[in-house]
1. Semi-axes of the equivalent ellipsoid for region C:160-218, please: Cα gyration tensor eigenvalues, times 5, square-rooted, ordered largest first, whole Å.
2. Which semi-axes, in whole Å and largest first, does the equivalent ellipsoid of region C:58-121 have when worked out from the alpha carbon gyration tensor as the square roots of 5 times its eigenvalues?
3. Using a 1.4 Å probe and counting only protein heavy atoms, how much accessible surface gets buried when D and B come together, both sides summed, in Å² to the nearest 100?
4. May I ask what percent, to the nearest 5, of DSSP beta bridges between residues of chain A are antiparallel?
5. Would you tally the net charge around B:E228, using a Cβ to Cβ cut-off of less than 14 Å, leaving B:E228 out, and scoring K and R as +1, D and E as -1?
6. So what is log10(I(q)/I(0)) for chain A at q = 0.10, 0.11, 0.12 1/Å, when the Debye sum runs over its Cα atoms only?
7. Find the centroid of the Cα atoms in region B:322-392 and in region B:21-61, then give the distance between the two in whole Å.
8. Per residue, what volume in Å³ does the convex hull of the Cα atoms of region A:286-389 enclose?
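The values are calculated or read from the model by the stated rules, or taken from the named source; none is laboratory data. Every value quoted in this text rests on a predicted model; they were computed, and no experiment measured them. Here the Cβ is made from the backbone with ideal geometry for all residues, glycine too, and neighbour counts use every protein chain on show. For the accessible areas, the whole protein counts, side chains as well, though only heavy atoms, and no ligand, DNA or RNA atoms are used. Shrake-Rupley method; radii C 1.70, N 1.55, O 1.52, S 1.80 Å.
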There are 4 protein chains.
Amino acid sequence: MSGFNGLAIPGPTNMPFEIRQAMDVALQDHRAPDFPKFTLPIFRDLKRIFQTETGHVLVFSGSGTSCWEAALANTLSPGDHVLTSIYGQFSFLWAQMCERFGLEVEAIDVEWGEGVALDFYEQRLSADKAHAIKAVLVCHNETATGVTSDVAAVRKILDDLAHPALLMVDGVSSIGAIEFRMQKWGVDLAVAGSQKGFMMPTGLGIIGVSQKALEASKSAKLPRSFFEFSKMIEMNADGYFPYTPAVTLLHGLRASIDMMLAEGLDNIHARHHRLATGVRRAVKAWDLTLCAKDPALYSDTVSAVVVPDGMDANDVIKQAYSRYNLSLGGGLSKVAGKLFRIGHLGYLNELMVLSALGGAEMAMLDSGIKIEPGAGLAAAVDYYRASGERSA
Amino acid sequence: MSGFNGLAIPGPTNMPFEIRQAMDVALQDHRAPDFPKFTLPIFRDLKRIFQTETGHVLVFSGSGTSCWEAALANTLSPGDHVLTSIYGQFSFLWAQMCERFGLEVEAIDVEWGEGVALDFYEQRLSADKAHAIKAVLVCHNETATGVTSDVAAVRKILDDLAHPALLMVDGVSSIGAIEFRMQKWGVDLAVAGSQKGFMMPTGLGIIGVSQKALEASKSAKLPRSFFEFSKMIEMNADGYFPYTPAVTLLHGLRASIDMMLAEGLDNIHARHHRLATGVRRAVKAWDLTLCAKDPALYSDTVSAVVVPDGMDANDVIKQAYSRYNLSLGGGLSKVAGKLFRIGHLGYLNELMVLSALGGAEMAMLDSGIKIEPGAGLAAAVDYYRASGERSA
Amino acid sequence: MSGFNGLAIPGPTNMPFEIRQAMDVALQDHRAPDFPKFTLPIFRDLKRIFQTETGHVLVFSGSGTSCWEAALANTLSPGDHVLTSIYGQFSFLWAQMCERFGLEVEAIDVEWGEGVALDFYEQRLSADKAHAIKAVLVCHNETATGVTSDVAAVRKILDDLAHPALLMVDGVSSIGAIEFRMQKWGVDLAVAGSQKGFMMPTGLGIIGVSQKALEASKSAKLPRSFFEFSKMIEMNADGYFPYTPAVTLLHGLRASIDMMLAEGLDNIHARHHRLATGVRRAVKAWDLTLCAKDPALYSDTVSAVVVPDGMDANDVIKQAYSRYNLSLGGGLSKVAGKLFRIGHLGYLNELMVLSALGGAEMAMLDSGIKIEPGAGLAAAVDYYRASGERSA
Amino acid sequence: MSGFNGLAIPGPTNMPFEIRQAMDVALQDHRAPDFPKFTLPIFRDLKRIFQTETGHVLVFSGSGTSCWEAALANTLSPGDHVLTSIYGQFSFLWAQMCERFGLEVEAIDVEWGEGVALDFYEQRLSADKAHAIKAVLVCHNETATGVTSDVAAVRKILDDLAHPALLMVDGVSSIGAIEFRMQKWGVDLAVAGSQKGFMMPTGLGIIGVSQKALEASKSAKLPRSFFEFSKMIEMNADGYFPYTPAVTLLHGLRASIDMMLAEGLDNIHARHHRLATGVRRAVKAWDLTLCAKDPALYSDTVSAVVVPDGMDANDVIKQAYSRYNLSLGGGLSKVAGKLFRIGHLGYLNELMVLSALGGAEMAMLDSGIKIEPGAGLAAAVDYYRASGERSA
């Protein structure tokens, strides 16, 4: 099939050539005396991306999933209570992992399309005078539904109640793309992956760890070894790793960070908002709705488009892939077949979004969904063009 | 600027990853005993691409321009007459090169947007009883205007008159993308470059040479050395080159040929026609016209879109590049500012074309051209979707 | 510093261009319908490399260390006894990890330079009538000392005693380089990494899992999630992963496997033996000794060269790196400063070994070690040249 | 065949990863408004490499051969006299090219192994009162014999005689590796290629052009078009090219220049001298001789090693390639079979040279040449080690 694959899933995202180039290196000795010259600035700059000065940011071979595990295993003990809201596949899976580790999960099931259950959190935490709840989990950007939750509001609840629970946040599809302030929001464990906002290949899990989380790790009883924070932090301090790191991916990470800092986090956030707005204009022009229930919840990194009753979103995805070489995201679990997802994060511009919208239009028409051909494209074109100044 | 550059110029075109990969090789000795195992199949397969069994296809470091020179210098002598039609910048430049080499150029200036002047050719050739005209030049696909001329018709004129002139064809933006039959059409010198239908980086000139052209080279008096056919053919026969070839680019060429043969020339031509038709539907929906005067002349590899009087096509190009990271082709020479060009050749699919059309729409609107936002996109979406079957 | 880095450490090893090329790909959707076409043959072919028909071979983002953990966490329960021998840094670290997971480690400390303690194993296993020992660990090739142990002999002890303990083998620096027969030797968990015999970048842990190990995992109580076998095997069966896999590295793995199967496992083993023998000839010519105590223990993938008393092996390594751009391996832990290690595994030939030997010679001389300049090189040259036939 | 190919030919040379990376780019529009930001610094920095402030340095798709042609075709007219010395294959081929262009070649055949015939030049130039000789040719570093000639001495002859002939120098295997001072030595046309000192792939010819050469080009009558200087210089001034340039190779050139300037030309020259000296020590230890007749002529970029009478140098090359994956250079033309060449230029260090020497030793022994195994290696080891300080 000729032509590039359109990658409009919410990760992996499109990889810039700078990152590909950066990874096209020979293998090297990760115990060489000059290796720290390469790694120490990475560790330093990751803190800028996570927006923390007092915490650490650690890099593991793995994925976001591995850092979910690292967060739990390093800071909790069997039987500890964790509080969470389930409003999509990823918040669900993290809760499920908690159970695998013998934690007591206090979870509320929220309708998919809603965000973190602030009322429930406040109620449970205020009732928890004994501080049995050791961790509060939030999926910042629920990739399955295109919903962004208010992490700062959760922090405020904890602070207002002076509750000492750790705040653990899944920022896999938010960090590096939309606003995420680890320190300001008092996030204790911030989980990211390489293949979303970092624009990299899959293969790395990245986790921000607060001093409070480190303190908790000293008494945490869950076993861990590969994901142990203390040894990693100790070795990282000198620029090394406790075991073999994924060096070529670290080179990609260096390039990724460079690009992010060059564009500027604020500019990155603004760009994502602008691109996402165009997508939402298109969805409106198609006369369709998003899974996210409220504009305040709309994610700037992924939009989950609900197809009309009786239509099959999976067929849309199939047509897009097989006829137009466009990868759209599917509905997961309970929304399977009901929605398709357009990822709009990472290394992206207006024309790449138009391409995805065009493919989605054609695939929907192929699947028998009645939309006006070109309507979504026209709305996006109109918005992108108007929301900026022409070059002088 | 985030996101990929949209490359919608008529060459260089978008490079497939397969070709990038293929060129990511260590340097090697081009005089090694196993080098011919690599080169001989390339020479063989190039003949399939050029559709010649009796001719040779030679590869030079250079570009299409260098092969124009190779064609002239190897087969003609100072003062020889050449017949040509000028209907765009590239037909003009080739004629100009003829003059630099001391040839007598009999040229007719045709309005840009028209194709090769068959009547003029017939008239001049039939009058040339002494066979003073040694070569007839045709720019198969005039990249500057988006016009494809009828090479077979020129051959027919020559045959009908039994005129022995060599038929030299600039196939730079046609070979490997639209139908080109070197042997069937009796083309004696067929010029191509690496960066168009071959989907490769710039840096190679490729030329098909008929037996008749080789015969002519024996008495041709123009000096040449680097571009000398006979030595190249002699060395190529054993898999070598008379001097240092561009080996990494040859690896790219190997991958390019593999991809072309895998897709099949007929399928490539059909795909280009389909993609081009979508572009033309968009132009019509914008209520604009092409530079090409007649549908029979419409090029399937590049469309030159004429902007309304008073509008500045260069501003469209500028807006596209600076605001949307889209490279459009400019109007050259006498059509500068009057048109912009959309390249639609090489490694390309529907979504990539939509992306270019969307960028062109926005840039035109930015430049004050009154088009209906989304109109072109809608027309293309409509066409692409309808002109195929949905996946079962 | 001009010129390539000489990578003569026992991993990461030198990466072939074929593998670099293979990883130079765009990102892709690991949930796409055609993804299994890519992954299923990898899973199948890995079984050929591990030489098992009945087991599974699983690929994790991580390293050998992560697969040590996977082996333990999937098959054992807190308090389970494991039997091991410690004869180098890697056998030591794995035992240490066992303790972190709350296992009862029955270990014997063997002099570094010796191999697995067969007598001790036999004695303990025969005494263990209650089968309290649930796992027997063997570091097949102790990378720290250059010692290869006899895994088949351990299996024989277990079989002779009909002891049901799982046989867990660290094959990180052996699998893919020297003989390793998972099924024939009855290995239940076989741990490898991407950066040694597989000639790849760091970043993957690869583990062979027998049916018996899978059976054990059903009742194993250690918590695990990221490294859980059952979910991985279930998803792998359809060509997918339970979470985001490291796709670019999987492309490298594909190329690695292709190269290994093309060369043939037997040929790979013979090549490693030949190259290693040349290194040993050099060491002898230098009048130095290996850490490995007995020729039967000599590793064909790494040689640990003991420097004379009073000399500093770390200075040798420093001179090699800073003056000659050669990476040698250092002595770890209790042999720090006493030896340096020459890795000779992976993508390697005679001249690459000579280069490392030459660098080692110069660095030793720089460090004041009295060797005859060129003596080691001469011995290796002599051996390599003689041990083969000249080309006809 | 496992392991890297040892590339010990005098070009193409070993390519640094930095240059590979730099060329791993997407295709781009070479007429884009920001293209000059990329090209203009290249043009500027090339003048530093060629050591000229007043001249231009031009880059053509091609090779050194194409720049030989560019030098001649731009500055001379049919029938012009050129003076040259033939002392190897490359000085021979350039003279032969002169004849193809209808020039009158006044050449002296010098024994291969000698350098430029200064006496002959002085005699002919002083006799040429009418200044019929328009150009004097010197092959600075005769790659076929490993001889470096004294360009400054030729300039002195011209100056002493106030002879206006252009001084044309083939610096293909010298520029960027050993001292070459275009302006100080009054070189009017300085020819280089991408694949030697520039450490790049083959595919570019690079030529330095003095103001005097440009002046000559105004009246020069030889036809040229692709290689025309004036148009190239005119377009280069704005950062563009008159036709499609080889953009990916230009990216490699950028990286090459960066590396050369970072190392420093003086350091590069010193490194080449040091590496070459080690090779010469090895040759002496083998009790063999170089083709170059006098130490003053020894090339620091290539050594041509003469095999004993009755031995076949081509068999040495064959054994090296087929048994040890080492590419050595062959004897060309009249020295075919009598010598083999070791290239030692470009991206190179001591261990890479040792590797080549080791391969040469083994191959010579395979071919029945009686040398002491390891003798050459020992001599080189001894020299490299002693000629520098150990790291503190």
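1. 24, 13, 7
2. They are 21, 15, 9 Å, listed from largest to smallest.
3. Buried: approximately 3700 Å² between B and D.
4. Counting DSSP beta bridges with both partners in chain A, the antiparallel share is about 50 percent.
5. +1
6. -0.66, -0.79, -0.93
7. Each part reduced to its Cα centre gives a spacing of 35 Å.
8. 110 Å³
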